[in-house]
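Chemist: If you scroll down you'll find the structure; I have some questions about it.
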């Protein structure tokens, strides 16, 4: 595979969506062909699974069901979108990937890391991003931003603060464990400062 794979991670309200657009534009200016996608989602089937996972009206589901649906959507996404794009030499920019599962279902829901790793090994077959940008900021600030967006709240955003504290802790633990791949971006700074961080972090790949 000759393309590059970049994932974007972070707690709710960290500003990922805004910065995905900036990263896409920056890469296009460098002459790269960029595919922007997301998880859960990215294909017609995976987007349907996303609806099941995020719809607030969805009845409570077992943690195991949530985990398996995440990986079902991911398996389809990898085969139909990510791998073909990388093989064409395109750059893939993905809003969340497997690190989100370790953080949300592992840290947040309490699923064992070993169980998630077993599913990840089977589904990913060694596929991992060259670079993961982790947008980090205090949970209270992120949730306040979510409210200020004045948009519909999804099923995860309805969770309590302690749930997101566990997610943030899990993300930061992953960043410590894999410092070469996972780069922490201070998402509490101004947009201009964040974008300067991103340009610097992206430069080694270009």
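Chemist: Wholly within the range 1-106, which strands (runs of 3 or more DSSP E) include no fewer than the required count, namely at least 3 residues that are farther than 19 Å from residue 126 by Cα and modelled with pLDDT of 95 or more? Talk me through it step by step, then tell me what you get.
Modeler: Values: elements: 5-10, 34-38, 91-95.
Result: 34-38.
Chemist: Another question, then. Might you let me know whether the range 159-166 holds any residue that is closer than 19 Å to residue 20 by Cβ and not in a strand (DSSP E or B)?
Modeler: The initial filter retains those residues of the range 159-166 that are closer than 19 Å to residue 20 by Cβ, namely none.
No.
Chemist: Cβ contacts < 6 Å: first residue in contact (Cβ under 8 Å) with a residue 60 or more places away in the chain, restricted to the range 156-169; second residue outside any helix (DSSP H, G or I) and buried (at least 16 other Cβ atoms within 10 Å of the Cβ), any location; separation 6+ or different chain. Result?
Modeler: From the range 156-169, the pairs are 157/12; 164/11; 167/11; 168/11.
Chemist: Exactly one condition in (1) without any contact (Cβ under 8 Å) to a residue 60 or more places away in the chain; (2) within 25 Å of residue 89 (Cα to Cα) is false for residue 190; which is it?
Modeler: For residue 190, the failing item is (2).
Chemist: May I ask you to list the residues in the range 162-193 that are in contact with a strand residue (DSSP E or B) (Cβ under 6 Å, 6 or more places away or on another chain) and at pLDDT below 95?
Modeler: Selection gives 187 alone.
Chemist: Of the conditions (1) out of contact with any strand residue (DSSP E or B) (no Cβ under 9 Å at 6 or more places or on another chain); (2) farther than 23 Å from residue 135 by Cα, residue 85 satisfies every one except a single condition; which number is it?
Modeler: Residue 85 satisfies all of (1) out of contact with any strand residue (DSSP E or B) (no Cβ under 9 Å at 6 or more places or on another chain); (2) farther than 23 Å from residue 135 by Cα except (1).
Chemist: Within the range 41-52, does at least one residue satisfy the condition of being without any contact (Cβ under 8 Å) to a residue 24 or more places away in the chain, crowded, with 16+ Cβ neighbours inside 10 Å and touching a strand residue (DSSP E or B) at 6+ places or on another chain (Cβ under 9 Å)?
Modeler: Yes: the range 41-52 contains one or more residues that are without any contact (Cβ under 8 Å) to a residue 24 or more places away in the chain, crowded, with 16+ Cβ neighbours inside 10 Å and touching a strand residue (DSSP E or B) at 6+ places or on another chain (Cβ under 9 Å).
Chemist: I'd like to know if the range 122-132 contains one or more residues that are crowded, with 19+ Cβ neighbours inside 10 Å and part of a loop (DSSP other than H, G, I, E, B).
Modeler: Taking every residue of the range 122-132 in turn, at least one turns out to be crowded, with 19+ Cβ neighbours inside 10 Å and part of a loop (DSSP other than H, G, I, E, B).
Chemist: Of all residues in the range 2-33, which are surrounded by 15 or more Cβ atoms within 10 Å (Cβ to Cβ), more than 20 Å from residue 191 (Cβ to Cβ) and more than 11 Å from the chain's Cα centre (by Cα)?
Modeler: Matches in the range 2-33: 3, 4, 5, 32.
Chemist: Separate question: (1) in contact with a helix residue (DSSP H, G or I) (Cβ under 6 Å, 6 or more places away or on another chain); (2) in a helix (DSSP H, G or I); (3) touching a residue at least 60 places away in the same chain (Cβ under 8 Å): which one isn't true of residue 202, the others all being true?
Modeler: Status for residue 202: all satisfied but (1).
The values are calculated or read from the model by the stated rules, or taken from the named source; none is laboratory data. Since the model is a prediction, treat every value here as computed from it, not as a measurement. Every residue, glycine among them, receives a Cβ derived from its backbone with ideal geometry; neighbour counts consider all protein chains shown.
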